[in-house]
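Okay, so here's the structure we're looking at.
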Protein chains: 2
Amino acid sequence: MLVSGRNYRTVWMEGSSVFMIEQNLLPFEFKIFKSKNYRETCKAIRSMLVRGAGAIGSAAGFAMAQAFLETSNPDLILKAKEDIESTRPTAQNLFYATNLVYDLASRASQPQLEAVKIANSIADKDSEDSLEIGKYGNQLISQKAGILTHCNAGWLAFTDHGTALSPIYLAQEQKKQIFVYVDETRPRSQGARLTAWELHNAGVPHAIIPDNAAAYYMQKGKIDLVITGADRIAANGDTANKIGTLEKAICAREFGIPFYIAAPTSTIDLACKTGDDIKIEERNEREVLFQKGHTASGSIKEIRIASPGSSAFNPAFDITPARFLTGIITEKGIIKPDQKIIAGIVS
Amino acid sequence: MLVSGRNYRTVWMEGSSVFMIEQNLLPFEFKIFKSKNYRETCKAIRSMLVRGAGAIGSAAGFAMAQAFLETSNPDLILKAKEDIESTRPTAQNLFYATNLVYDLASRASQPQLEAVKIANSIADKDSEDSLEIGKYGNQLISQKAGILTHCNAGWLAFTDHGTALSPIYLAQEQKKQIFVYVDETRPRSQGARLTAWELHNAGVPHAIIPDNAAAYYMQKGKIDLVITGADRIAANGDTANKIGTLEKAICAREFGIPFYIAAPTSTIDLACKTGDDIKIEERNEREVLFQKGHTASGSIKEIRIASPGSSAFNPAFDITPARFLTGIITEKGIIKPDQKIIAGIVS
């Protein structure tokens, strides 16, 4: 997508280096981070310098390729794979990417070349899938629709285009006069920081709302459609996504509003029979108790926003049971969250 | 309630001055503001230096008394009443207080003495009602209960004791080993700042959670009971409370968790037939886009936390339809949110 007139992906590889948009500096600074080895790329994933289901997958694939470039010792490569997979345990795309690069490169005659090739193809496929998701999802968007989205499943969360926002970009191109309600998405505020930044860049009319206000706008009839991304989808359709997705899905059903998950089929993990099998990452309480932002003078400051004597809980994701989903928008079409249909589309 | 060993109310009157805990400095500083006239008290209400249903009511009653002390011109007193009533249009207790002081003092032989007397009696009644609410609400709290609360309906929101937190303080005194999940309550974070501060002061085990995480803990079976306050209750039981209350109520019903509103009967406005008649205050978008807090060096800084190109919507309250409420905990007992029962308890 365009940033100041230049086309960017969120993550890409040149030589043995991986380049990533520093998402934890957005929306206040736009900078590119250059990672010289797989350990630096792991650190970038863990610290959420790069974040979002597809972008994590691409970054993990590139990290795996970096490991192949750094050593030909199978034990060290396996150790690297484990290191990469320990960075963000809920992200299905991460495991999909490390496994694919590892399996194909390990048995190739030229493992290094193959690893880089596969990693690049994962990133390309992620971008192409996102575009397809956009085309299918756009069919759900009527003229003047009010659309709610949670967290960031835009192009920043993928290699390009995004999933939940990809249909929105197409609808905007087709001048459908849509309006997007952007959940702030505490505690890391990916909605207020990243989704709002993306939509502003793309000229899509929108407003940030407190997470608490989603049901208010549903009740007022302002929301015609909810689209969010997914971090992992179980075989039965139960979906792990950013904390708060469950609340929005429950409220959408209460008000009879269609609720869609937009995700490539690589997000589906048939090894997880239901959402109960999905591990939920608990992150540091500092993300809830403190917040970073820009002061009037332009410097980035971290401030404590909660009572000094208190602790916080910080689960990063929740599980939305399949029964709350109207459908899943994939690169292969829009499917019902049904076990048989899901199995069919993955195979 | 005790602060550093000394007993405080949130608002009180001495001579012609009104004293208020500066709630917008909490939890980082504990300071008392002295308001010398009704206009300063209006400003304190509007700026949310004093906030919360009951505390606003007491402050408004004292402001009305200040107006009587400042002038004996009936037109100016009526103008003052209008000024006070324009500060926070959703707060039922505010109108209750201004009307009661105005009506009784206007027809008294010594309007000034009467105004001060009535204003003080409103504050005393608010404190007594809160204690009664605590006793009734405590009956709902079982041993080792997990309790979710939203925003701040603690003693800071009233003259003393609070409503939603009053039962919690009694349960804690009775060593029920409760645990309180404190919704952060964006955008003004009254949960993370005020409720957490209160619970920490009182030694009640608790954790702040992002508003997005409430359904997550409900789904995990950690929440046995939800108690929130109310800013206005319509004749049919529809309840205006802090934005986000509606989401929590919808989710609580989904998971079969009892959802209670705790509020004195003065919060009930029979003139509002349903929630549709309750005016919702839309506040400045800055509350969503910026946040204030403490830096490591101890100074208070305001930072921008959202993408610079984007705007925000900021509705301060939402309406929870009566059908989502298990009951309303009042100073007269716990009632069903039923039109006839409500009319009976108010009269």
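Suppose the filter is open to solvent by 10 Å² or more (accessible area, probe 1.4 Å) and without any contact (Cβ under 8 Å) to a residue 60 or more places away in the chain; does B:GLU132 pass it?
no
Could you please give the count of residues in region B:191-206 that are open to solvent by 10 Å² or more (accessible area, probe 1.4 Å) and of a type in the set (S, T, N, Q)?
The qualifying residues number 1.
Condition check ((1) of a type in the set (A, V, I, L, M); (2) open to solvent by less than 50 Å² (accessible area, probe 1.4 Å)) across all residues:
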position	(1), (2)
A:VAL11	yes, yes
A:ARG51	no, yes
A:ALA63	yes, yes
A:LEU69	yes, no
A:SER72	no, no
A:LYS81	no, yes
A:THR90	no, yes
A:LEU104	yes, no
A:ARG107	no, no
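Cβ-Cβ under 7 Å, sequence separation 6+ or interchain: first residue in region B:294-305 and within 13 Å of A:ILE305 (Cβ to Cβ), partner in a loop (DSSP other than H, G, I, E, B). Which pairs?
Partner pairs satisfying both residue conditions: B:HIS294/B:PHE28; B:ILE300/B:PHE28; B:LYS301/A:THR295; B:LYS301/B:THR295; B:ILE303/A:THR295; B:ILE305/A:SER189.
How many residues does region B:287-297 contain that are more than 7 Å from every other protein chain (Cβ to nearest Cβ) and under 16 Å from B:ASN24 (Cα atoms)?
Residues in region B:287-297 being more than 7 Å from every other protein chain (Cβ to nearest Cβ) and under 16 Å from B:ASN24 (Cα atoms): 3 in total.
Select, from A:PRO308, A:PRO315, the only residue that is open to solvent by 40 Å² or more (accessible area, probe 1.4 Å) and facing another protein chain (nearest Cβ under 8 Å).
The unique qualifying residue is A:PRO308.
Could you please find all residues in region A:207-241 being at pLDDT 95 or above, of a type outside the set (A, V, I, L, M, F, W, C) and either in contact with an Asp or Glu (Cβ under 9 Å, 6 or more places away or on another chain) or crowded, with 24+ Cβ neighbours inside 10 Å (or both)?
A:PRO210, A:ASP211, A:ASN212, A:TYR216, A:GLN219, A:THR228, A:GLY229, A:ASN236, A:GLY237, A:ASP238, A:THR239, A:ASN241
If you go through region B:263-286 one residue at a time, do you hit one that is within 11 Å of another protein chain (Cβ to nearest Cβ), in contact with a strand residue (DSSP E or B) (Cβ under 9 Å, 6 or more places away or on another chain) and closer than 20 Å to A:ARG188 by Cα?
Yes, that holds for at least one residue.
Are any residues in region A:135-163 surrounded by 21 or more Cβ atoms within 10 Å (Cβ to Cβ) and within 15 Å of A:ASP224 (Cβ to Cβ), and if so, which ones?
Hits for region A:135-163 are A:GLY137, A:ILE147, A:LEU148, A:THR149.
The values are calculated or read from the model by the stated rules, or taken from the named source; none is laboratory data. In this text, all values refer to a predicted model and were calculated from it rather than measured experimentally. Here the Cβ is made from the backbone with ideal geometry for all residues, glycine too, and neighbour counts use every protein chain on show. Protein only, heavy atoms only, side chains kept; ligands, DNA and RNA dropped before computing areas. Shrake-Rupley method; radii C 1.70, N 1.55, O 1.52, S 1.80 Å.
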